[in-house]
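Visitor: Please find one structure pasted underneath; my questions will follow.
Quick note: the coordinates plus some simple rules give every number you see, no bench work behind them. All values reported here derive from a predicted model rather than from experimental measurement. Here the Cβ positions follow ideal geometry from the backbone for every residue, glycine too, while neighbour counts run over all protein chains shown.
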Amino acid sequence: MKTKILITSIMSLLMVVTPAFAVTTVDSAWNGAGLFGMTFTSGDDAHSTFSISGSEISGQYHAIDSGDNPHGYNVDTTDLTIKSHVTNGGILYSFVRDGSYSPMYGVAGQESYTLIDTLGTGDFAWHSTSNYASLSNSNYGWQNNNQIMATGEHYISHYISAGSNNGAGMQVNADGTTQISDMCDGASSDSSFSFGKGCGCYTNANVNIVGSGEFDLTAIAENHIVTDTGITVDGGSYNVHSLFSSGFHFSNYALTGS
């Protein structure tokens, strides 16, 4: 299946926050055609990149460096929300947690990543937060369903990484319509993660594809993986692979690992 290559080198806005206890916010909206990109750097606590390109693009972006330094751990809370739409193009999103209170919560470096590359339409709605303890993608109350969607010939990649050899992700390469609901992901220290599993909210983790193509869900963990389908892996990897001609449906792909 042919897919377009997303151009990721785009005009960017760099926000570097240095004053302590100062809230910094960035708001942006776009509607038109072509290329648009954002880079948000929340001091040394987190950074995020976002880019979109296509014949039609629209969306909104809101980022906050809270400058709050909770508990005096020298790590501020960072919060970012995005809603975006593209026709005949791509969307790329990465959010990396750079700061951690390591004596209690291990090292930083956790990442949330999503790519949509489509010859039809693509939609992405997402909410990421990081602090001294963890990175969380909690879409409850932001957009509860269908946070990742595409039509036409498309490729989707989405993953959460908790560090080397610990994390989970899915890939879709299809011709048709894909709807992915991912209420919540999370990652902390260099090993613990959740994928699709409710984090302070109910679990809403499903994939619905009408059309033909290929689906993969993969998780890897040093100690164990526990899925909502009843499968447990004691150190190693877990994979769901499907080739389908007219549709694919996964009612609950949620899992945790460490």
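Visitor: Per DSSP H run of n ≥ 4, the term is -39500 (n - 2.57); total these for the chain, divide by its residue number, and report the mean residue ellipticity at 222 nm rounded to 500 deg cm²/dmol.
Guide: Working: 1 runs with 4 residues, N = 258.
Per the formula, 0 deg cm²/dmol.
Visitor: Using the number of other C-beta atoms within 10 angstrom as an exposure proxy, rank S251, S212 with the fewest first. Mind showing how you got there, number by number?
Guide: On the way: S251 10, S212 16.
By the 10 Å Cβ count, ascending: S251, S212.
Visitor: What are the ³J(HN,Hα) values, in whole Hz, obtained from phi via the Karplus relation 6.51 cos²θ - 1.76 cosθ + 1.60 with θ = phi - 60°, for each residue of segment 229-243 in sequence order, with x given for Gly and Pro?
Guide: Result, ordered by residue: 8, x, 8, 10, 10, 8, x, x, 9, 9, 9, 10, 10, 9, 10 Hz.
Visitor: Just tell me the longest site-free run in the chain, where the sites are chymotrypsin sites (Phe, Trp or Tyr not before Pro) in a DSSP loop having at most 12 other beta-carbon atoms within 10 Å.
Guide: Of all site-free stretches, the longest is 22-201.
Visitor: Here is a further query. Could you tell me whether segment 125-183 comes out rounded, prolate or oblate from its Cα gyration tensor? Rule is a ≥ b ≥ c as square roots of the eigenvalues, rounded for a/c under 1.5, then prolate if a/b exceeds b/c, otherwise oblate. Present the calculation step by step, with values, prior to reporting the outcome.
Guide: On the way: a/c = 3.64, a/b = 1.47, b/c = 2.48.
It is oblate, given that a/c is not under 1.5 and a/b is not larger than b/c.
Visitor: Which cross-chain or sequence-distant (5 or more) residues have an amide H under 5 Å from the amide H of E153, H modelled 1.01 Å from N in plane?
Guide: So E153 has HN proximity to L119, G120, G176.
Visitor: When you have a sec, figure out the Kirkwood radius of the chain from all distinct Cα pair distances and drop it here in Å to one decimal? Spell out each step's value before the answer.
Guide: On the way: mean 1/r = 0.0542 Å⁻¹.
Every distinct Cα pair counted, the radius reaches 18.4 Å.
Visitor: Treat the count of other C-beta atoms within 10 Å as a stand-in for reagent exposure and order V23, V172 from fewest to most.
Guide: Listed from fewest to most nearby Cβ atoms, that is V23, V172.
Visitor: Where in the chain lies the longest segment free of trypsin sites (Lys or Arg not before Pro) that are both loop residues by DSSP (not H, G, I, E, B) and have at most 16 other Cβ atoms within 10 Å?
Guide: Working: sites that count: K2, K4.
For trypsin sites (Lys or Arg not before Pro) (loop position, at most 16 other Cβ atoms within 10 Å), the longest site-free span of the chain is 5-258.
Visitor: Search the structure for amide H atoms under 5 Å from the amide H of A33, placed 1.01 Å from N in the peptide plane, and list their residues when 5 or more places away or on another chain.
Guide: Counting only residues 5 or more places away or on other chains, the set is I57.
Visitor: Here's something else I'd like to know. Using +1 at the C-beta of Lys and Arg and -1 at the C-beta of Asp and Glu, which of Y113, G247, N166 has the Cα lying farthest in the positive direction of the dipole of segment 14-257?
Guide: In segment 14-257, that residue is G247.
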